[in-house]
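The block underneath contains the structure these notes are about, expressed in structure tokens.
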Amino acid sequence: MALIPSIIDGDEARHADGILAILNHAIVHSTALYDYHPRTAASMGPWFAARRAAGAPVLVIEDSAGVAAFATWGPFRPFPAYRHTMEHSVYVRHDARGRGLGRLLLTALVERAEAAGVHMLVGAISADNGPSIRLHEACGFHHAGTVREAGRKFGRWLDLALYQRILSGPADPAEG
Ligand SMILES: CC(C)(COP(=O)(O)OP(=O)(O)OC[C@H]1O[C@@H](n2cnc3c(N)ncnc32)[C@H](O)[C@@H]1OP(=O)(O)O)[C@@H](O)C(=O)NCCC(=O)NCCS
């Protein structure tokens, strides 16, 4: 029987290079990220700092090659009334896909968000990203709408599909 991989909290010194490699592969080869150019190693300090500022976990699954997959969240939009909504991301290294790691991490991320009192998680998914859309549907996310021609990459317009999952808390948070 296959072992269930461990999910650990990411550590900047240990995991920054592996996360960067996964992000850059997605940037160069796919529409999963709407960047045009690979990021530099120097970008990872601010990347981790932004997660800490958002109180967000960086969940990691390791394998013998390093970081096999990670998931995290950050602010959805930079205005106070959005503060209970987080935009999440989940990435699996290209040679580790199709083995259940994405589902495992997204499920764990939802549990962490519930525990942290997040009201809603939103995935902003390029509409041509079938595997991610099916993963989100399999994990209880619902299609909230699609923004047509929201981005442009590889010589074509990209539609952005929003997938949301409303969580249990907080019921009546303070405003202001
Ligand atoms: C999307 C992604 C995270 C899925 O991770 P994964 O570990 O390969 O997915 P899993 O093996 O856990 O599959 C979970 C479910 O997702 C769906 N899925 C995953 N890959 C799929 C594929 N290639 N085609 C169709 N459905 C797929 C299926 O519903 C699957 O459930 P099933 O195995 O019961 O059929 C991975 O493909 C990835 O990292 N892609 C590049 C980055 C990315 O797009 N991230 C999301 C940005 S919004």
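The values are calculated or read from the model by the stated rules, or taken from the named source; none is laboratory data. In this text the structure is predicted, and so the values were computed from the model without any measurement. A quick note on method: Cβ atoms are made from the backbone with ideal geometry, for glycine too, and the neighbour counts reach across all protein chains shown.
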Exercise for the section: Keeping to the range 82-97, report how many residues are under 30 Å from A2 (Cβ atoms), in contact (Cβ under 8 Å) with a residue 40 or more places away in the chain and either among the basic types (K, R) or more than 6 Å from the ligand (Cβ to nearest atom) (or both). Expected result: 2
Fill in the blank from the handout: Per the filter on the range 100-123, residues outside any helix (DSSP H, G or I) and surrounded by fewer than 16 Cβ atoms within 10 Å (Cβ to Cβ) are G100, A116, G117
Practice task
Tell me, please, whether a residue that is farther than 18 Å from R93 by Cβ, surrounded by 11 or more Cβ atoms within 10 Å (Cβ to Cβ), under 14 Å from the mean Cα position of the chain (by Cα) and small (G, A, S) can be found in the range 3-24.
Solution key: no
Exercise for the section: Any residue in the range 42-53 that's without any contact (Cβ under 8 Å) to a residue 24 or more places away in the chain and at negative phi: show its pairings with residues that are of a type in the set (S, T, N, Q) and surrounded by 13 or more Cβ atoms within 10 Å (Cβ to Cβ) at Cβ separation under 8 Å, as long as the two are six or more apart or on different chains. Expected result: R51/T72
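Suppose we filter G155, G100, G123, G145 for residues that are under 23 Å from V28 (Cα atoms) and within 16 Å of the ligand (Cβ to nearest atom); which single one remains?
Being under 23 Å from V28 (Cα atoms) and within 16 Å of the ligand (Cβ to nearest atom) holds for just one of G155, G100, G123, G145, which is G123.
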Exercise for the section: Take the range 127-145 and flag every residue that is touching a helix residue (DSSP H, G or I) at 6+ places or on another chain (Cβ under 8 Å), small (G, A, S) and either farther than 18 Å from L105 by Cβ or in a loop (DSSP other than H, G, I, E, B) (or both). Expected result: A127, G140
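What is the residue count in the range 146-169 for residues that are polar (S, T, N, Q) and in contact with a Phe, Trp or Tyr (Cβ under 9 Å, 6 or more places away or on another chain)? Give the steps one after another, and end with the answer.
First pass over the range 146-169, keeping only residues polar (S, T, N, Q): 146, 164, 168.
Among the residues that remain, those that are also in contact with a Phe, Trp or Tyr (Cβ under 9 Å, 6 or more places away or on another chain) are: 164.
Residues in the range 146-169 being polar (S, T, N, Q) and in contact with a Phe, Trp or Tyr (Cβ under 9 Å, 6 or more places away or on another chain): 1 in total.
Got a number for residues in the range 56-86 being hydroxyl-bearing (S, T, Y), under 15 Å from the mean Cα position of the chain (by Cα) and surrounded by fewer than 19 Cβ atoms within 10 Å (Cβ to Cβ)?
Summing the residues that are hydroxyl-bearing (S, T, Y), under 15 Å from the mean Cα position of the chain (by Cα) and surrounded by fewer than 19 Cβ atoms within 10 Å (Cβ to Cβ) in the range 56-86 gives 1.
For A108, state whether it is in contact with a strand residue (DSSP E or B) (Cβ under 9 Å, 6 or more places away or on another chain), farther than 23 Å from T31 by Cα and small (G, A, S). Before the answer, list the steps.
Numbers: in contact with a strand residue (DSSP E or B) (Cβ under 9 Å, 6 or more places away or on another chain): yes; farther than 23 Å from T31 by Cα: yes; small (G, A, S): yes.
For A108, the condition - in contact with a strand residue (DSSP E or B) (Cβ under 9 Å, 6 or more places away or on another chain), farther than 23 Å from T31 by Cα and small (G, A, S) - is met.
Yes/no matrix, rows are residues, columns are (1) modelled with pLDDT under 95; (2) farther than 20 Å from K153 by Cα; (3) not aliphatic (A, V, I, L, M):
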site: P38; (1), (2), (3): no, no, yes
site: A42; (1), (2), (3): no, yes, no
site: A49; (1), (2), (3): no, yes, no
site: P78; (1), (2), (3): yes, yes, yes
site: A96; (1), (2), (3): no, yes, no
site: G102; (1), (2), (3): no, yes, yes
site: V110; (1), (2), (3): no, yes, no
